[in-house]
1. Within segment 60-85, track down each residue that is in contact with a Leu (Cβ under 8 Å, 6 or more places away or on another chain) and surrounded by 18 or more Cβ atoms within 10 Å (Cβ to Cβ).
2. State the number of residues belonging to segment 53-93 that are on the phi > 0 side of the Ramachandran plot and either among the charged types (D, E, K, R) or within 11 Å of the chain's Cα centre (by Cα) (or both).
3. Among what's in segment 27-47 and is closer than 22 Å to residue 87 by Cβ and in a loop (DSSP other than H, G, I, E, B), pick the residue that is most open to solvent (accessible area, probe 1.4 Å).
4. Just to check your reading of the model, which residue among 50, 24 is surrounded by 15 or more Cβ atoms within 10 Å (Cβ to Cβ), modelled with pLDDT of 90 or more and either within 11 Å of the chain's Cα centre (by Cα) or not in a loop (DSSP other than H, G, I, E, B) (or both)?
5. Touching an Asp or Glu at 6+ places or on another chain (Cβ under 9 Å) and of a type in the set (Gly, Ala, Ser) - does that describe any residue in segment 76-89?
6. Please specify each residue of segment 18-44 satisfying the condition of being in contact with a helix residue (DSSP H, G or I) (Cβ under 9 Å, 6 or more places away or on another chain) and within 24 Å of residue 79 (Cβ to Cβ).
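The values are calculated or read from the model by the stated rules, or taken from the named source; none is laboratory data. Just so it is clear, the structure is predicted and the values come from calculations on it, not from any experiment. Methodologically, a virtual Cβ is constructed for each residue, glycine included, from the backbone with ideal geometry; neighbour enumeration extends over all protein chains shown. With ligands, DNA and RNA removed, areas are computed over all heavy atoms of the protein, side chains included. Shrake-Rupley method; radii C 1.70, N 1.55, O 1.52, S 1.80 Å.
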Amino acid sequence: MTVNGSRMVLTGDLDHRAAPYFRAKLAELIAVNPTTITLDLSKLDNLSKAALRVLAFERGKLATDGRCLIEGASDTIKAQLKAEELDEELIII
């Protein structure tokens, strides 16, 4: 997981063990009040339920007009986001 400005690149497996670190990094990213954050999931193999909960919770902390872009998600991860109804809150490109 790397952060550059308002962009975070996620790699490998984002399982329940990595979820607290993901939460901390995402909270840091959101704390600077960006209008848009981008999560690059093109190198992400697995997204656990715990990580999905973190994403939903932290997404709620973005400013009212804030946007969260999801780039490069696999079809499996897109299906997970849709199943959790996060596709309605995130912009999946």
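1. The answer is 68, 70, 73, 77, 80, 81.
2. Initially, segment 53-93 is screened for residues on the phi > 0 side of the Ramachandran plot, giving 72, 85.
When the remaining residues are screened for being either among the charged types (D, E, K, R) or within 11 Å of the chain's Cα centre (by Cα) (or both), the result is 85.
So the answer is 1.
3. That would be 35.
4. Values: 24 fails: surrounded by 15 or more Cβ atoms within 10 Å (Cβ to Cβ).
Testing whether each residue is surrounded by 15 or more Cβ atoms within 10 Å (Cβ to Cβ), modelled with pLDDT of 90 or more and either within 11 Å of the chain's Cα centre (by Cα) or not in a loop (DSSP other than H, G, I, E, B) (or both) leaves just 50.
5. Scanning segment 76-89, I find no residue that is touching an Asp or Glu at 6+ places or on another chain (Cβ under 9 Å) and of a type in the set (Gly, Ala, Ser), so the answer is no.
6. Step one: of segment 18-44, the residues in contact with a helix residue (DSSP H, G or I) (Cβ under 9 Å, 6 or more places away or on another chain) are 18-20, 22-23, 26-27, 29-30, 37, 39, 41, 44.
Scanning segment 18-44 gives 18, 19, 22, 23, 26, 37, 39, 41, 44.
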